[in-house]
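This report refers to the structure that appears directly beneath it.
Laboratory data are not the source of any read-out in this text; all were calculated from the coordinates shown. Please read all numbers here as calculations on a predicted model, not as lab measurements. FYI the Cβ positions are ideal-geometry reconstructions off the backbone, even for glycines, and counts take in every protein chain you see.
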Amino acid sequence: MARMRLTLLLPLVVALCSCSGSGGGGGGTSTPALPVPPALGVVSGPSSFTGTCGGTGGTLYVNAEVEPHFAIDPGNADHWVGAWQQDRWSNGSARGVRVAATFDAGASWVLTTPAFGACAGGEFQRVTDPWIAFAADGTVYAIALGTTGGTFTQGSTNAIVVARSTDGGRTWSAPVTLIRDGPGFFNDKETLTADPADARFLYAAWDRLQQGAGGPAYFARTTDGGATWEPARAIFDPGHAAQTIGNLVRVLPNGTLVNVFLQIDGSEEQPISSRLRLVRSTDRGATWSGPVDIHEQHSLGTRDPATGTPVRDGAIVPQMAVGGDGTLHLVWQDARFTGVRDAIAYSRSTDGGLTWSAPRRVNGEPAVPAFTPQVHVRADGTVGVTYFDLRSDNADATTLFADYWLARSTDGVTWQETRVTAAFNLNTAPQAGGQYFLGDYMGLASAGDAFVPFYTRTTGDLANRTDVFWARIGSTTPAAPVPTEAKREVARDAQFARRVAANLAAALAARRQKE
């Protein structure tokens, strides 16, 4: 039975820190403190799962919601649907995927649970990596990764599964399996994209990692609105000693598909370097081009500056959006601007992904790490980028204060940022392999002239460590300019390259933590 819950939360007094201390990261705030939006919507509620479903092993964080994704109906700006991992485990995945739908722009929500996992009557022990897509006719699709057993362990199973809803997210079809593998392969970080001009076409993309070998980009499509799916297949293979991750398809106005990904060169245990690349299809995914290089990627990851505890972030998961004019907008974590900590890098392409602008820093405070970006383009062409940073943190080792921000730009060169939520204590988040975990990605969409971030943050309650929130950031919401440096990148040496490689190894090890 679906449940409805609405809570409007006034700005939390959890250490708003408008004074913005040193952050423990070596610098004060260079932009003015900004007010929090007057109300934040809470979407998630208490867990609906009971008993011992989801298996054993690791720590189960009941009521913890992480890694949300979000979309708005292209034909109805009041109809929103989001999904997240419900009840996260410390050693990988969650008890299930929870979906929330609103038909009145967030005033009320209907919560449902597609039958992906055993806790919801499905096949797989655990579920992770949810993604939502709206077809042009308003049909909603949810995709997820189902797992039983540990990654590459004897007797384990993992699969990419899709469900659809023809009533706006109130009910869901039985899941359709796009690919199923045993212990020799692992499918990961799937995304789902609907063709905005034709409801018959949807495109799923992910990486399929072979134990002891590489990880090609995999792809499956439906040409009949989800009634059937073509067999999954590799569309780009980086070779035996390389892998892809973060595969994400975007559809240009002329119908061309662009699949972006991060290519990691070197073995799973000893990665060497990473670069952003893409492949293109001019026949709706039937055939694909060779790879196009975009930029090198140099992420160092995020840590608590006082304790060194790592934060699970989006360091190896790029995000991309397409505007109505066909411009592609790409964001990712990168330390190229400081040499010592990650910032949010942005680049764009006006020729369908063939060439790209020089990376620019989006985040407003370069003296602290910024992480886990998401990007979306409004109908008027305004670009929005959300991200977390640690500018509200202080020297107290018992806390780790984080903020969530939205940066906006009309030209991709000058940016203004708005605080999305009050500062919150990140070190009470669920642990994932010893890392603080809110998700490898967050949700972001737009309704009219407003961006709608859809994200998780901690609550301060250890019995309900995180919740899913939404905020509405309109054109008149206060914002401050992001300073632009004359010199946008720093020199990179061999030591820097070793630190980048070490972070790649840590990030890849973390993604194997999927029970």
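Counting only trypsin sites (Lys or Arg not before Pro) that DSSP places in a loop and that have at most 15 other Cβ atoms within 10 Å, the longest clean stretch of the chain runs over 171-486.
Restricting the GluC sites (Glu not before Pro) of region 255-316 to loop positions (DSSP other than H, G, I, E, B) with no more than 12 neighbouring Cβ atoms within 10 Å leaves 269. Across region 366-376, rounded Karplus estimates of 3J(HN,Hα) from the backbone phi angles (6.51 cos²θ - 1.76 cosθ + 1.60, θ = phi - 60°) give x, 7, 9, x, 10, 7, 6, x, 9, 9, 8 Hz, Gly and Pro being marked x. Distant-in-sequence amide contacts of residue 255, defined by a placed amide H-H separation under 5 Å and a gap of 5 or more residues or a different chain, comprise nothing. What is the Cα centroid distance between region 328-397 and region 130-161, reported in whole angstrom? So the separation of the two Cα centres works out to 28 Å.
Rounded to the nearest 20, the size of the Cβ-charge dipole of region 124-283 about its Cα centre is 120 debye, with Lys and Arg at +1 and Asp and Glu at -1. Computed from backbone phi, the HN-Hα couplings of region 392-399 come to 8, 6, 9, 7, 5, 6, 8, 9 Hz, rounded to whole numbers (Karplus: 6.51 cos²θ - 1.76 cosθ + 1.60, θ = phi - 60°; Gly and Pro given as x). Along the axis of the charge dipole computed for the chain (Cβ charges of +1 for Lys and Arg, -1 for Asp and Glu, origin at the Cα centre), the listed residues 256, 165, 390 are led at the positive end by 390. Charged side chains reduced to their Cβ positions (Lys and Arg at +1, Asp and Glu at -1) give the chain a dipole of some 380 debye around its Cα centre. Looking at (i) 20.7, 58; (ii) 21.3, 67; (iii) 24.2, 72, which value of Rg and Dmax of the Cα atoms in Å comes from a calculation on the structure shown? Looking at Rg and Dmax of the Cα atoms in Å for this model, the match is (i). About its Cα centre, the dipole of region 164-216 is roughly 120 debye, where the only charges are +1 on Lys and Arg Cβ and -1 on Asp and Glu Cβ. In region 382-506, a dipole from Cβ-located charges (positive for Lys and Arg, negative for Asp and Glu) runs towards its positive end, and of 494, 409, 479 it is 494 whose Cα lies farthest in that direction. Inter-label distance, residue 56 to residue 463: 2.6 nm, where each label sits 7 Å from its Cα along the C-beta direction.
Normalised by the number of residues in region 142-255, the mean separation of alpha-carbon contacts (under 8 Å, six or more apart) gives a relative contact order of 21 percent.
Given Cα pairs under 8 Å that are at least 6 residues apart, what percent is the relative contact order of the chain? Answer for the chain is 16 percent. Counting charges near residue 139 (Lys, Arg +1; Asp, Glu -1) among other residues having Cβ under 13 Å from its Cβ returns a value of -3. Ranking 154, 504, 456 by Cα position along the charge dipole of the chain, where only Lys, Arg, Asp and Glu carry charges on their C-beta atoms, puts 154 farthest toward the positive end. Taken one residue at a time, the phi angles of region 476-482 give Karplus couplings (6.51, -1.76, 1.60, θ = phi - 60°) of 9, 5, x, 8, 10, x, 8 Hz. Gly and Pro are set to x.
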